[in-house]
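The values are calculated or read from the model by the stated rules, or taken from the named source; none is laboratory data. This structure is a prediction, so every number in the text was calculated from the model and none was measured. All Cβ positions, even for glycine, are placed from backbone atoms using ideal geometry, and neighbour counts span all protein chains on display. Note: accessible area is taken over every heavy atom of the protein model, side chains too, but ligands, DNA and RNA are not part of it. Shrake-Rupley method; radii C 1.70, N 1.55, O 1.52, S 1.80 Å.
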Amino acid sequence: MNAMPFSKIKNSFLLFLTLALAASWGASATASSPRLNGIYPRGVQRGHEHTLRFNGARLADTKEIFLYDPLGVEVLEIKQVDANNLNVKIRLAADCRLGEHVAQVRTSRGISDFRSFYVGALPNVAEVEPNSAFEEPQKIEQNVTIAGTVKNEDVDYYSITCTKGQRLSVEIEAIRLGTMFDPFISLVDSKRFELASSDDSSLGSQDGLISVTIPEDGEYFVVVREASYGGNDSSRYRLHVGPFPRPTVAYPSGGPKGQEVDITFIGDPTGSITQTLMVEDKASFRDGLFVQDEQGITPSPVSFRVSDLNNALEVEPNNWWTEAAPEKLPIAFNGIIQNPNDLDFHRFTAKKGQAWDVHCYARRIKSGLDPVINIYNAKTKARIVGDDDARRPDCYVRFSAPEDGDYFVLVNDHLKRGEADFVYRVEITQPKPTLGFTIPRVDRYSQSRQQIAVAKGNRFATLVNAGRYYFGGELVLLQDNLPPGITLIAKPMAANLNSMPVVFEAAADAELSGKLVDLKGRHVDETRNIIGEFSNLADFALGQPNNALYYGCKVNRLAMAVTEKLPFKLEMVQPKVPLVRGGSMNLKILAERDEGFDAPIRVQFPFRAPGVGTVTHVDIPKGANEVLYPLNATGNAQIGKWPVYCIGSANVDGPAWASTQLAELEVTEPFVTMEMKRTSAELGSSTSLYCKINHTTPFEGEARAEILGLPPNIIIPPLTFTKDSPELTFQIQTNDKSPIGKHTSLFCQVTITRDGEPIVSRAGNTELQITKPRKPVVAAVTPAPVAKPATPVAKPKSRLQQLREAAQNSGQKDD
C-alpha cells in the first residue's frame, strides 16, 4: 500500500531503519508467543514443491501454518531447525494464484506476526556475483525470476539474448517484499544505449517495470540498482524477465459481478489486449486480474473493481457539454484522459433531494491520473460541487440534486495532463450504511497483540474498533466460527463510541487448536441488515519522512488459538459501588498463581469510558497476589454502566498475557455536592469555612468530608455528616509559617461507604486567602508646646539716668 511518493534515501538510513524495525519486532512482540520476521526465499514458482525458511523467535513446538489464501497451497511438512527457525515444505498447484501470499505461525504458546511470500509463474534463478560491471554481467535466459540483493553502491547487470520485434518485459518486486528498498531498473543494448528505464510506477509504486519491443537481434542488459546507489544486505529483489505481457491498467477498470465484460488491457508495447471475462466474486481477498497470452502471464495483477454497478463507457467526443442521452443512477462512468487538456463530461439524471456518493477511482486502480471532478447543472451550467483529493489523491463528493433534471460530472487531470493509460472510474451510488472492525495497535511499529491467543482455562482481552459510515446505533459482535473451546464475551458497543472491550475465554479442557476467523459484527437491530467484517493492516516498509508507510499488507481475518496453560490468572473484584463524576475509585486486581510462580505481573486498564482516566499500568510485585488500580472521573464523565477489563503480562520464558473477566463499572452523578464559600484568615489566626450541602442521592450512615489541596501549615479537621445534614462549617487554623496569599486549590472530598466500599467524590472547590497580621492602631498624641524664653521687662529709668543719656547723646559731660 503506497502512502506517498518516495524520496531518495541514503544507504545509512536504510540500514538504520531495517535494524530499527527488526528491534521493534523483537522488543514489542507479544509475550512468549512466537515472532515471525521473514519467510525465505521471498518467492517460489507455482506447480512445484518448495521448502521455505520461516525465521523469527520462539518458534519451537509449531503446530500449524495459517494461510490467508490457501487455494493451491498445501503445507506438507513443518520441521524444526532450532528455536528460531522452521523449514516448511509446501506444494503449490499449477493454478495457484500468483502474487503475494500471507502466512502466520501457530505454536503451542501463541500466534506469530503475519508475513508474506510470493508465488510466480517463472523458475527462480539466484543472482551470482560478480555481476557488478557491464563487462561482467550474469548471463540469463528469458522467462526467469532472479532472486538478488543490492548492497551499498552495488549495480547488478544481467545479459539476455533477444530477437528483433519480440516483446521483452522486466518487472521488479522490491519494496513489495517488505524491505525499505527503492529499486531502479533499466534496459540497455550492447552499445550501452538505454532503451527504457523505470524508477517508480503507478502499478508497483516504488517498484518499476519495463516492457518494450526489441529493435534488433542481439544482446541486451538489464541493470538493477538502488535509486540513489544505496543498498544493504536486506535490499532483496525479485526480477521477472521474459516476453510476458505487461499492461498496466484495465478499461473498464471494474464490472458487475456475474456478468461477462469486454476488457481492454492498456500499456503493453504490442498494443492493447482485449479479452472477455466473467466477473466473479473474489476468490481471494486480493483484488485484480492477471493477463495471459501465448507468451506468458503478468507477474502481478492489473487492478479491477468488482461491484454491483453497470458500466457506462465514455463516447468521444465528450470534452464539452454533450447532448448524449443521460444515464440513470446508480452507475459507473468509465473513461480515459488520453490527451493534454482533455475533459470528459458524463451526463446523468437525478431527482431533487436525492443524495449520491460520487467516488472517482484513479490512483486506487493504479492509474497515473490525478483526478479532479466537478458536478454541473446541465440546464444552467452552474457548478454545484467538486473535489480534488479527498481520497488522496482520488476524489469524492456527496451530491444532492437541487431540482429534478440532468447533471454533468466533469473529469480532468489536476495538471491538465493526458496519457493513453490515464484510466478512471466514477462510481455514483446512494449512501449505504457500511461497517468495519479492526483491533487498535498497542505498538505503532509491530503486530503486538493483534492476534487472539487464549491460554487453556484462562482469558485474553482486546479492544475492537468499529468504523460506522452513514448510520448510528449500538453494535454487537457475532460468535460464528470461533475455534472449539473459545467463547467471546462482549457487551453491545455504545452508539456514541467506536471502541468496545472484548474478552475471549478458553475452557480448561479445550484442545490446542486455532484458525483464521472471519470476525463479524452487526447493528444491534438485526432487521437493519448492517453487517461488517474484520480487517487488519500491517506495516511492511516504513521510511522518511517520519516513518511514513510505503508498503503494507492487509488481511481480512483474525488469527485465534487456544494455547498452553499459563501459571497465573487475573481476576477483577467487581466493584459494588459506582464511580461518581468528579470522583475516584481503586479497583482491586487479584492474581491467582501456580505454586512456585512468583514473577511480577504488569497490569493495564485499556478501555476507558468517556471521561474516565487512569494511569498507564500498575505492577503486582513479585510474590504478591493483588494490586489496586486507581480510576478517576471528570465532572462530565458519561453516565452509564460500562464493561471493563484489565490485561496483565508476566515473564513466562518471555512475557505472557492474560486478562481478567469482563466486569462492570458504573458511572453516576455524585451523591452530594457542596457550595463552598470563600474565606480568609490572618496569619496565625483561625477562621471558619461554610459549606452548603446539596443532596442528590440518599445514603445510609455517616459520610466523611475533608478539605484537601491545602498548602502546608494549615489545619482543617475533617467532619462527618448524614443525608439530613444541610450544611457544614469547617474550622481553619493557621500558624506563623502558613503561606501568605490566595490559595485556589482547596476542595472538599466526600467519602460515603456503601456495602463496605467507599464512594469518593470531589464535592466542591473554594479559595482561602491568608494575609499578614495588621499592626495595632495607636492613637496619635499631640505634644505640649515648648515655652519660649520670656523677653526681660526693662525697669523704669530714673530721672537722673534719663538726663545723663541725653547729655551723652548731645556731647555734654556730666558735671
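Tabulated results
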read-out	value
Pairs with Cβ under 7 Å, 6+ apart, first in region 203-226 and in contact (Cβ under 8 Å) with a residue 12 or more places away in the chain and under 19 Å from P137 (Cβ atoms), second polar (S, T, N, Q) and in a loop (DSSP other than H, G, I, E, B)	I214/T163; I214/Q166; D217/T163; G218/S190; E219/S190; E226/S235
Odd one out for A126 among (1) open to solvent by less than 40 Å² (accessible area, probe 1.4 Å); (2) within 41 Å of the chain's Cα centre (by Cα); (3) not β-branched (V, I, T)	(1)
Inter-residue pairs, beta-carbon under 7 Å, first closer than 19 Å to F184 by Cα and open to solvent by less than 10 Å² (accessible area, probe 1.4 Å) and in region 134-162, second of a type in the set (D, E) and at pLDDT 95 or above, 6+ apart	I146/E127; G148/E127; G148/D156; V150/D156; V150/E226; D156/E127; S159/E219
Positions within region 545-576 being among the polar types (S, T, N, Q), open to solvent by 70 Å² or more (accessible area, probe 1.4 Å) and in contact with a strand residue (DSSP E or B) (Cβ under 7 Å, 6 or more places away or on another chain), in sequence order	Q574
Unique residue being basic (K, R), under 17 Å from the mean Cα position of the chain (by Cα) and modelled with pLDDT of 95 or more when the list is R459, R449, R522, R468	R468
Within region 183-196, considering residues that are in a strand (DSSP E or B) and free of Cβ contacts under 8 Å to residues at least 24 places away in the same chain, the one least open to solvent (accessible area, probe 1.4 Å)	A196
Residue satisfying all of: in region 738-750; open to solvent by less than 60 Å² (accessible area, probe 1.4 Å) and touching a Leu at 6+ places or on another chain (Cβ under 7 Å); farthest from T697 (Cα to Cα) among these	S738
Cβ-Cβ under 7 Å pairs, at least 6 apart or on other chains, region 474-485 side over 26 Å from P433 (Cβ atoms), far side open to solvent by less than 30 Å² (accessible area, probe 1.4 Å) and assigned to a loop (DSSP other than H, G, I, E, B)	P483/S513; P484/A510; P484/S513; G485/A510
Any chance Y407 is modelled with pLDDT of 95 or more, open to solvent by less than 30 Å² (accessible area, probe 1.4 Å) and either assigned to a strand (DSSP E or B) or of a type in the set (K, R) (or both)	yes
Filter result (part of a strand (DSSP E or B) and over 30 Å from E64 (Cα atoms)) within region 551-585	E571, M572, L579, V580, G583, S584, M585
Among the candidates V426, V385, residue that is hydrophobic (A, V, I, L, M, F, W, C), open to solvent by less than 40 Å² (accessible area, probe 1.4 Å) and under 21 Å from L313 (Cβ atoms)	V426
Subset of region 626-661 (residues that are outside any strand (DSSP E or B), open to solvent by 20 Å² or more (accessible area, probe 1.4 Å) and within 30 Å of D61 (Cβ to Cβ))	V652, D653, Q661
Test result for Q104, in contact with a Phe, Trp or Tyr (Cβ under 9 Å, 6 or more places away or on another chain) and either open to solvent by 10 Å² or more (accessible area, probe 1.4 Å) or under 28 Å from A455 (Cβ atoms) (or both)	yes
Per-region count, region 689-701, residues out of contact with any Asp or Glu (no Cβ under 9 Å at 6 or more places or on another chain) and surrounded by 15 or more Cβ atoms within 10 Å (Cβ to Cβ)	2
Considering residues of region 309-368 that are more than 20 Å from S253 (Cα to Cα) and among the polar types (S, T, N, Q) only, the residue farthest from the chain's Cα centre (by Cα)	T322
Filtered residue count, region 397-429, keeping only those that are of a type in the set (A, V, I, L, M, F, W, C) and either in contact with a Leu (Cβ under 9 Å, 6 or more places away or on another chain) or free of Cβ contacts under 8 Å to residues at least 12 places away in the same chain (or both)	5
Search result, residues across region 586-596 that are farther than 16 Å from D619 by Cα and touching a Phe, Trp or Tyr at 6+ places or on another chain (Cβ under 9 Å)	D594
Hits in region 529-550 (condition: in a loop (DSSP other than H, G, I, E, B) and within 30 Å of S205 (Cα to Cα))	S535, Q544, P545, N546, N547
Neighbours by Cβ (under 6 Å, 6+ apart or cross-chain): first from region 343-357, open to solvent by 40 Å² or more (accessible area, probe 1.4 Å); second aromatic (F, W, Y) and assigned to a strand (DSSP E or B)	R347/F408
Residues satisfying the stated conditions in region 465-497, i.e. touching a Pro at 6+ places or on another chain (Cβ under 9 Å) and acidic (D, E)	E474
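Residues are listed down the side, and each one gets a yes or a no for (1) within 50 Å of the chain's Cα centre (by Cα); (2) at pLDDT below 95; (3) exposed (fewer than 13 other Cβ atoms within 10 Å of the Cβ):
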| position | (1), (2), (3) |
| --- | --- |
| A705 | yes, no, no |
| L719 | yes, no, no |
| T722 | yes, no, no |
| L728 | no, no, no |
| D736 | no, yes, yes |
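Yes/no matrix, rows are residues, columns are (1) open to solvent by less than 20 Å² (accessible area, probe 1.4 Å); (2) over 30 Å from Q45 (Cβ atoms); (3) assigned to a strand (DSSP E or B):
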{"site": "P299", "(1), (2), (3)": "yes, no, no"}
{"site": "L309", "(1), (2), (3)": "yes, yes, no"}
{"site": "E316", "(1), (2), (3)": "no, yes, no"}
{"site": "N334", "(1), (2), (3)": "yes, yes, yes"}
{"site": "P340", "(1), (2), (3)": "no, yes, no"}
